[in-house]
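Here's the structure we're looking at; comments come further down.
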């Protein structure tokens, strides 16, 4: 094979149509292609990610490398992040728990994974400087934060510093609906995943994850992959119900628990009221899925 033929082959490969990939979960830009896509996406070279983790209470994942950019999701303490590129103070990559892509402030990340064997189950858990409830609070960790450490009486001595009370790491209710109830009253925040601020799909994801069910980040992804499809007429409490660009959890067949921009909070309200607000939509309910 001549050098000219090799160049032509490479040029043809690089200019060939790429398979349709969801850029929310696949790293395949003009400059960077995930090494995991080798053989699927043609590229002059591929990038293997560096394993990182979130080392602060929580940090936004943004659409662009700027504090002014939309927050598309967020990373919580102890969650893993695969770093593919960096620009200035920002790193581009993918969260490990749901494979969602975005830009994260590099100052919030540390090298390597964490041995995070415990999850914060309180809406907010104070991280004390000593194993004493009267000690100064170093930080507030949100629901869903992951930590590792060793027992010290009523506290967990957290690896990296600080102490969490075991009450704030107590076992959760057994169902996603019961977990979602812990978020009632939380403010609606686009891209949020905790009781400090949460959006519709973030609430569903957090409730499912707390009960051991993996979930993608966005409502359309959840509608396509979660559980099994159920006829609307057969819906019941605990089912996940979908609307155009929205999702919630049924309390019963006629009542919905959801984070929504209408009330700007997590609320429980009649399902009929939600459907009435979508009166101009050709298909107000786009699907019902059952977990387990």
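Taking the criterion of being part of a loop (DSSP other than H, G, I, E, B) and touching a residue at least 12 places away in the same chain (Cβ under 8 Å), the residues of the range 32-44 that qualify are 32, 40, 41, 42, 43, 44. Whenever a residue of the range 15-30 is over 13 Å from residue 102 (Cα atoms), it has no partner that is modelled with pLDDT under 90 lying with C-beta atoms less than 6 angstrom away and at least six residues away or across chains. Looking across the range 254-284, the residues that are touching a residue at least 12 places away in the same chain (Cβ under 8 Å) and more than 28 Å from residue 196 (Cα to Cα) come down to 281, 283, 284.
Quick one: would you say residue 161 is at positive phi, surrounded by fewer than 19 Cβ atoms within 10 Å (Cβ to Cβ) and either under 17 Å from the mean Cα position of the chain (by Cα) or in a loop (DSSP other than H, G, I, E, B) (or both)?
Considered against the rule, which asks whether it is at positive phi, surrounded by fewer than 19 Cβ atoms within 10 Å (Cβ to Cβ) and either under 17 Å from the mean Cα position of the chain (by Cα) or in a loop (DSSP other than H, G, I, E, B) (or both), residue 161 comes out as yes.
Is there a residue in the range 138-146 that is at pLDDT 95 or above, at negative phi, surrounded by 21 or more Cβ atoms within 10 Å (Cβ to Cβ) and more than 23 Å from the chain's Cα centre (by Cα)? So far as the range 138-146 goes, no, none of its residues is at pLDDT 95 or above, at negative phi, surrounded by 21 or more Cβ atoms within 10 Å (Cβ to Cβ) and more than 23 Å from the chain's Cα centre (by Cα).
Within the range 45-67, count every residue that is without any contact (Cβ under 8 Å) to a residue 40 or more places away in the chain and in a strand (DSSP E or B). Steps first, please.
Of all residues in the range 45-67, those without any contact (Cβ under 8 Å) to a residue 40 or more places away in the chain come to 45-48, 64-67.
Next, only the ones that are in a strand (DSSP E or B) stay: 47.
The qualifying residues number 1.
What strands (runs of 3 or more DSSP E), lying completely within the range 182-292, carry at least 3 residues that are within 25 Å of residue 26 (Cα to Cα) and more than 17 Å from the chain's Cα centre (by Cα)? Break it down stepwise before answering.
Numbers: elements: 240-243, 246-252, 255-260, 265-270, 287-290.
Because the criterion is at least 3 residues that are within 25 Å of residue 26 (Cα to Cα) and more than 17 Å from the chain's Cα centre (by Cα), no strands (runs of 3 or more DSSP E) in the range 182-292 meet it.
Which one of these is in contact (Cβ under 8 Å) with a residue 60 or more places away in the chain and farther than 20 Å from residue 164 by Cα: 89, 111? So the residue among 89, 111 that is in contact (Cβ under 8 Å) with a residue 60 or more places away in the chain and farther than 20 Å from residue 164 by Cα is 111.
Determine whether residue 167 is over 22 Å from residue 71 (Cα atoms) and out of contact with any strand residue (DSSP E or B) (no Cβ under 7 Å at 6 or more places or on another chain). Considered against the rule, which asks whether it is over 22 Å from residue 71 (Cα atoms) and out of contact with any strand residue (DSSP E or B) (no Cβ under 7 Å at 6 or more places or on another chain), residue 167 comes out as yes.
The values are calculated or read from the model by the stated rules, or taken from the named source; none is laboratory data. Because the structure is predicted, anything quoted here is derived from the model rather than measured. Counting neighbours? That spans all protein chains shown, and the Cβs are built from the backbone with ideal geometry, glycine included.
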